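The values are calculated or read from the model by the stated rules, or taken from the named source; none is laboratory data. None of these values were measured; they are calculated from a predicted model. Here the Cβ positions follow ideal geometry from the backbone for every residue, glycine too, while neighbour counts run over all protein chains shown.
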Amino acid sequence: MLVKNLDIENSIKYALLIEYNGNDLVGWQKQNEGISVQSSLEEAAKNIFNQDFDIQGSGRTDAGVHALGQIAHINLPKGHRLTSRHPFYIISAFNSLLRDTNIRVISAKPVKPEFNARFSAIKRFYKYRILCRAAPPGLDNGKVWHFRKKLNISLMEKGVGHLIGRHDFTSFRTIKCQAKSAIRTIDEISFSRENEEVIMRVSAKSFLHSQVRIIAGTIVKIGDGTWNPNKILAILKGKNRNLAGPTAPADGLYLEKVKYPENLLNDKWPIIYDNQNMSSY
């Protein structure tokens with residue numbers, strides 16, 4: 001018999017650490033058509049615990065966007081054979097039902113009832129991978145933005161310096177963005193070069209719809225010499241989406257990590273192996 005509503009008083013809230021390849025997904029959020037991360041997890045939980053669930057994530061990644069450290073929360077029933085054992089068994093149950101997808105639960109741990117994967121987050125970390133070479137990617141096809149020109153990181157760093165701090169990012173959000181305000185505070189943007197890749201990392205408490213991808217699409221026009229780094233100032237001041245660069249492909253974007261207050265969720269996730277002693281939990 002399917003249980004429709006879970007009694008919160010008789011449940012344990014768990015945080016889940018999730019990774020996924022977004023290529024074949026419509027994004028995090030449930031959609032009328034296509035496979036989403038949220039619907040896949042909820043369907044797996046329903047099959048495991050024989051009841052409906054509402055799983056909330058730290059952010060709604062778009063179609064094609066990947067995650068290395070998406071966080072979600074779920075209320076699971078107390079006294080169930082899985083919740084009374086090591087989290088390994090919860091993780092294994094989810095992954096066995098997700099095996100035909102590119103979604104995996106990497107770790108899990110109980111959290112306080114007040115923890116909320118979305119609203120408790122104090123910082124989100126994204127990275128964007130740009131493959132700079134003439135030849136298209138083979139192994140990383142669908143996982144990087146293939147950009148055929150060499151990029152000057154020094155120029156890119158000068159350009160993004162204007163984006164650090166609190167600004168009106170109207171020029172760096174999609175027209176369909178539903179946020180009431182375009183004011184956001186970017187804490188850090190950095191670049192590194194790893195072999196043929198340029199990797200941009202961005203952190204902030206929250207982002208506008210496609211903000212990181214529009215920043216990436218804008219900053220490569222500075223890195224390849226098309227625009228001067230100071231053009232960023234005019235783009236910000238203009239408050240017009242048409243002034244910024246293109247929206248970079250979803251392929252290169254990864255939700256890398258989400259940070260929470262230490263008293264709600266620390267960064268120490270249990271790394272679980274098949275051959276460890278589960279009785280030590």
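Exactly one of these conditions fails for Ala179: (1) of a type in the set (Gly, Ala, Ser); (2) at pLDDT below 95; (3) part of a helix (DSSP H, G or I). Give me its number.
(3)
Just name the residue that is nearest to Gly22 (Cα to Cα) out of those in the range 81-96 that are surrounded by fewer than 17 Cβ atoms within 10 Å (Cβ to Cβ) and not hydroxyl-bearing (Ser, Thr, Tyr).
Asn95
Which count do you get for residues in the range 108-119 that are crowded, with 19+ Cβ neighbours inside 10 Å and either modelled with pLDDT under 95 or within 16 Å of Glu42 (Cα to Cα) (or both)?
Looking only at that region, the number is 2.
Of the numbered conditions (1) outside any strand (DSSP E or B); (2) surrounded by fewer than 21 Cβ atoms within 10 Å (Cβ to Cβ), Lys13 fails exactly one; give the number of that condition.
(1)
Answer yes or no as to whether Lys46 is touching a strand residue (DSSP E or B) at 6+ places or on another chain (Cβ under 6 Å), surrounded by fewer than 17 Cβ atoms within 10 Å (Cβ to Cβ), charged (D, E, K, R) and not assigned by TED's automatic domain parsing to the domain that holds Ala204.
no
Filter the range 195-222 down to residues that are in a helix (DSSP H, G or I), out of contact with any Ser or Thr (no Cβ under 9 Å at 6 or more places or on another chain) and either under 17 Å from Arg129 (Cβ atoms) or in contact (Cβ under 8 Å) with a residue 40 or more places away in the chain (or both), then give me how many there are.
4
Give the residue, chosen from Pro249, Pro229, that is of a type outside the set (D, E, K, R) and over 14 Å from Arg129 (Cβ atoms).
Exactly one of Pro249, Pro229 is of a type outside the set (D, E, K, R) and over 14 Å from Arg129 (Cβ atoms), namely Pro229.
Hey, among Gly245, Gly225, which residue is surrounded by 13 or more Cβ atoms within 10 Å (Cβ to Cβ) and part of a loop (DSSP other than H, G, I, E, B)?
Going through Gly245, Gly225 in turn, the sole match is Gly245.
Can you give me the number of residues within the range 106-160 that are assigned to a strand (DSSP E or B), in contact with an Asp or Glu (Cβ under 9 Å, 6 or more places away or on another chain) and of a type in the set (Ser, Thr, Tyr)?
So the count comes out to 1.
Out of Arg193, Arg213, Arg201, Arg166, I need the residue that is modelled with pLDDT of 95 or more, of a type outside the set (A, V, I, L, M), touching a strand residue (DSSP E or B) at 6+ places or on another chain (Cβ under 9 Å) and buried (at least 18 other Cβ atoms within 10 Å of the Cβ). Which one?
Arg213
(1) within 25 Å of Asn10 (Cβ to Cβ); (2) assigned to a loop (DSSP other than H, G, I, E, B); (3) in contact (Cβ under 8 Å) with a residue 60 or more places away in the chain: which one isn't true of Leu76, the others all being true?
(2)
Take the residues in the range 121-135 that are touching a residue at least 40 places away in the same chain (Cβ under 8 Å) and of a type in the set (A, V, I, L, M, F, W, C), then tell me which one is surrounded by the most Cβ atoms within 10 Å (Cβ to Cβ).
Ile130
Using the structure shown, decide if Asp187 is touching a residue at least 40 places away in the same chain (Cβ under 8 Å), among the acidic types (Asp, Glu) and either part of a loop (DSSP other than H, G, I, E, B) or more than 25 Å from Arg148 (Cβ to Cβ) (or both).
Judged against the criteria, Asp187 is a match.
Looking at (1) out of contact with any strand residue (DSSP E or B) (no Cβ under 8 Å at 6 or more places or on another chain); (2) under 30 Å from Tyr14 (Cβ atoms); (3) outside any loop (DSSP other than H, G, I, E, B), find the lone condition where Lys268 falls short.
That leaves (3) as the condition not met.
Looking at the range 87-105, which of the residues that are touching a residue at least 60 places away in the same chain (Cβ under 8 Å) and assigned to a loop (DSSP other than H, G, I, E, B) is farthest from the chain's Cα centre (by Cα)?
Ranking the candidates gives Thr101 first.
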